[in-house]
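Mind having a look at this structure? Questions to follow.
The values are calculated or read from the model by the stated rules, or taken from the named source; none is laboratory data. Bear in mind the structure is a predicted one, so any value in this text is a computation, not a measurement. Note that we place each Cβ from the backbone using ideal geometry, even for glycine, and neighbour counts take in every protein chain shown.
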Amino acid sequence: MTNREAGAPASTVERVVRIFETLAQQPEGMALADLADDLDVPRSGCHRLLADLQRCGYVRQVSERGEYALTTKLPALGLSFFGGAGIVDIATPVIERLASTSGELVRLALVDGDRLTFVAKAQGARAGLRYDPDMGIDVRLSCSAGGHAWLMSLGEERATELVARQGFGRPAEYGPKAPTTYKALFKILEEDRKRGWSMIVEQYAPGMTAMAAPLTNRSGETLGVLTIAGPLMRLSAQRMQELSRPLLAATAELAVAAANTPLFQKRARMR
């Protein structure tokens with residue numbers, strides 16, 4: 001989703017970004033016609049952009065029918081960025097230890113402007129049902145533990161702005177107990193603030209629960225969130241209460257360690 005005014009034509013850059021975002025959700029590839037229709041752009045223009053991206057090494061055709069898919073070049077850029085920033089290297093032992101303690105999926109998401117994106121994970125479940133969504137996706141703020149952990153650290157006006165920009169989504173994009181109004185969402189956030197960490201039960205997806213805590217710097221700015229997610233049959237409300245102390249301890253440890261990384265030092269200078 002872009003910030004351009006409704007009805008204004010998309011720029012070339014915006015169209016390229018939308019191609020990246022769409023193909024990132026279709027690892028098996030998409031036909032030119034389907035991609036152009038999905039993005040609501042002329043097929044001729046879409047083909048020119050794909051040809052340019054293919055020449056630059058970011059897109060490839062995956063079959064004789066000509067479906068287009070992303071290459072590994074784009075994710076490699078992201079990995080290079082985070083590797084240079086140092087945050088993933090620092091986070092890895094912390095989230096692996098928390099994953100071992102909880103026996104569930106632990107993820108780190110970073111705040112980047114108006115977005116919250118998963119960048120690192122560790123899986124604690126060694127057997128049975130494993131909850132393991134894709135990395136690199138933007139977190140849906142209104143119905144996720146990570147989103148709530150960020151929103152609970154913000155004022156109501158800023159939280160409203162972020163949710164309005166992203167939207168509550170379609171029913172297929174959230175769980176049966178997700179808030180679908182601002183009144184319901186802010187009631188949940190108030191409970192999260194009192195608790196000190198967020199907790200969701202079947203709000204993001206049926207049968208799934210999660211908890212999260214914000215990662216803040218010395219100025220109180222939220223830089224990211226640390227989450228624990230798993231199936232309701234294991235990660236019950238009681239179990240999440242038991243895990244709240246190690247979650248908060250891991251978040252505090254990570255906040256101290258991350259303060260010395262180039263990524264967060266740069267943010268501090270920009271404030």
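Let me confirm something: among V106, V41, V88, which residue is surrounded by 14 or more Cβ atoms within 10 Å (Cβ to Cβ), modelled with pLDDT under 90 and either in a strand (DSSP E or B) or in the same structural domain as T22 (by TED's automatic domain parsing) (or both)? Before the answer, list the steps.
Details: V106 fails: modelled with pLDDT under 90; V88 fails: either in a strand (DSSP E or B) or in the same structural domain as T22 (by TED's automatic domain parsing) (or both).
The conditions single out V41.
Continuing with this model, one more query. Pick from the range 235-252 the residues that are in contact (Cβ under 8 Å) with a residue 40 or more places away in the chain and not in a loop (DSSP other than H, G, I, E, B): which of them is farthest from T209 (Cα to Cα)?
Keep residues of the range 235-252 that are in contact (Cβ under 8 Å) with a residue 40 or more places away in the chain, which gives 235, 240, 243-244, 246-248, 250.
Checking which are not in a loop (DSSP other than H, G, I, E, B) leaves us with 240, 243-244, 246-248, 250.
On the way: M240: 9, L243: 13, S244: 14, P246: 17, L247: 15, L248: 17, A250: 19 Å.
The selected residue is A250.
For the subset of the range 180-210 comprising residues that are in contact with a Pro (Cβ under 8 Å, 6 or more places away or on another chain) and part of a loop (DSSP other than H, G, I, E, B), which member is surrounded by the fewest Cβ atoms within 10 Å (Cβ to Cβ)?
Ranking the qualifying residues of the range 180-210, first place goes to P206.
Looking at (1) at pLDDT 75 or above; (2) out of contact with any Cys (no Cβ under 7 Å at 6 or more places or on another chain); (3) within 30 Å of V163 (Cα to Cα), find the lone condition where A36 falls short.
(2)
So, one more: Considering the range 162-179 alone, what residues qualify as being farther than 19 Å from T209 by Cβ, touching a residue at least 12 places away in the same chain (Cβ under 8 Å) and part of a helix (DSSP H, G or I)?
L162, V163, R165, Q166
Sticking with this one: Any residue in the range 173-187 that is within 21 Å of N217 (Cα to Cα) and at pLDDT 95 or above? Before you say what the answer is, go through the steps one by one.
Quick first cut of the range 173-187, residues within 21 Å of N217 (Cα to Cα) only: none.
No, because not a single residue in the range 173-187 is within 21 Å of N217 (Cα to Cα) and at pLDDT 95 or above.
Can you find a residue that is farther than 17 Å from L116 by Cα, touching a helix residue (DSSP H, G or I) at 6+ places or on another chain (Cβ under 6 Å) and modelled with pLDDT of 95 or more anywhere in the range 205-215?
Let us first name the residues in the range 205-215 that are farther than 17 Å from L116 by Cα, namely 205-209.
Retained after the next criterion (residues that are touching a helix residue (DSSP H, G or I) at 6+ places or on another chain (Cβ under 6 Å)): none.
Checked the range 205-215: no residue is farther than 17 Å from L116 by Cα, touching a helix residue (DSSP H, G or I) at 6+ places or on another chain (Cβ under 6 Å) and modelled with pLDDT of 95 or more.
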